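Quick note: the coordinates plus some simple rules give every number you see, no bench work behind them. The shown structure was predicted, so the numbers you read here are calculated from the model rather than taken from an experiment. We place every Cβ from the backbone using ideal geometry, glycine too, and count neighbours over all the protein chains shown.
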Amino acid sequence: MVPRVPIMFRNPVKGLEIPIFCLVDSGASEILINAQIATALGIDVTKGELREYGGIGGVVTGYKHPISLKLMGDSQEFLVDCGMLTVPIYDGLLGQKGARKDFLTTIR
C-alpha cells in the first residue's frame, strides 16, 4: 500500500486551489508536484528558480516556487518551497525538507 494523504495546494498569489493525493516519502527531501498541476494553479513554472532534483531514477530539472498547502479538512496552512517537475511523477510528493515539523505532525 502506498501512503498518500489529501493535500490542498494553493497559489499564494492568485488564490487558485487544487486538491492532490500526495505520496508521503520519508526518504525524499523535497516537496514536488507535477508542472501541469502548477500551471493549473496559475503558476508560470519556468519563471521559478531552476533546480536539479535527484532521486532513485536519476537527476531531473525542475523549478522551485513558494506554494501554500494544508491537509484537507484542516484549517492551518503552510507556505513552503515546492519543486515543479515536467517529467512524469506522482501528482504530488511530500518529502521532509520543505514540510515544516508542525505540518508533518499534523499528518501523523
Any idea what Rg and Dmax come out to for the chain if you just take the C-alpha atoms, in Å? 12.7, 36
Any idea what log10 I(q)/I(0) is at q = 0.16, 0.27 Å⁻¹ for the range 46-85, Debye with uniform C-alpha scatterers and no solvent? -0.51, -0.85
Phi to ³J(HN,Hα) by Karplus 6.51 cos²θ - 1.76 cosθ + 1.60 over the range 25-36, Hz, x for Gly, Pro: 10, 5, x, 8, 8, 9, 9, 10, 9, 5, 4, 5
So, with points 7 Å from each Cα along the Cβ direction, the residue 8-residue 76 label distance in nm works out to 1.6
